[in-house]
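Okay, so here's the structure we're looking at.
The values are calculated or read from the model by the stated rules, or taken from the named source; none is laboratory data. In this text the structure is predicted, and so the values were computed from the model without any measurement. Cβ coordinates were reconstructed from backbone atoms using ideal geometry, including for glycine residues, and neighbour counts include every protein chain displayed.
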Ligand code: ADP
Ligand code: MG
């Protein structure tokens, strides 16, 4: 019988995580296969910085940029910065879809206008993947208001107003997960096994 625990200190308090239950199937399988378990276990722990973690984020090329025939030009901004498109589809959002997607903004004065704009024509919805993808994508997009967006960002180069600003991107890890799920099943996402750069 083996026991495996992790002891840690959090805010000055000692804590313990018991991994016994989690590891028991592994131990049992090893014993069944008549493999011996060494008494030495090497534990490697490292704290990964955002610059080392591969993430996914949701991107939408909005109706204004689709209408301007800029899909290919915009996708190039992602690929040349090392983001890969791992899922994509063109859709024309219904009012309900757009309202659900932007529910967080429902009390904002521009909400109805935003829904009308987002349903005014087809959009290209994509899941982007790469190291630090969520923040990197926001940097590639530029700020919401194109008058503040530098040239070389997607909004700086393609947006025509604070509303018609060419592109959507998730703003954090939780929204990225929710928003990808809003449009794609797990089986529609084709993760890259190796880095493109
Ligand atoms: P972002 O898209 O940069 O995350 P927000 O989440 O704040 O920005 O807003 C969602 C979208 O709502 C914006 O991309 C834009 O299309 C629209 N929007 C934001 N602020 C305004 C505004 N003041 N007037 C009109 N539309 C706006
Ligand atoms: Mg937002």
Residues of segment 150-192 classified as within 16 Å of ligand 2 (Cβ to nearest atom) and either out of contact with any helix residue (DSSP H, G or I) (no Cβ under 8 Å at 6 or more places or on another chain) or modelled with pLDDT under 95 (or both), total: 7
Of residues in segment 148-180 being within 8 Å of ligand 1 (Cβ to nearest atom) and farther than 17 Å from residue 79 by Cα, the one nearest to the chain's Cα centre (by Cα): 171
Cβ-Cβ under 8 Å pairs, at least 6 apart or on other chains, segment 84-107 side in contact (Cβ under 8 Å) with a residue 40 or more places away in the chain and farther than 18 Å from residue 178 by Cβ, far side part of a loop (DSSP other than H, G, I, E, B) and more than 15 Å from ligand 2 (Cβ to nearest atom): 84/192; 84/196
Among (1) away from ligand 1 (no atom under 16 Å from the Cβ); (2) touching a strand residue (DSSP E or B) at 6+ places or on another chain (Cβ under 9 Å); (3) closer than 17 Å to residue 165 by Cα; (4) not in a helix (DSSP H, G or I) - the single one residue 75 does not satisfy: (4)
Some residue of segment 82-103 being more than 25 Å from residue 185 (Cβ to Cβ) and either at pLDDT 95 or above or part of a helix (DSSP H, G or I) (or both): yes
Number of positions in segment 151-188 that are surrounded by 14 or more Cβ atoms within 10 Å (Cβ to Cβ) and part of a loop (DSSP other than H, G, I, E, B): 9
Conditions (1) surrounded by fewer than 13 Cβ atoms within 10 Å (Cβ to Cβ); (2) under 25 Å from residue 181 (Cβ atoms); (3) more than 15 Å from ligand 1 (Cβ to nearest atom): number failed by residue 80: (2)
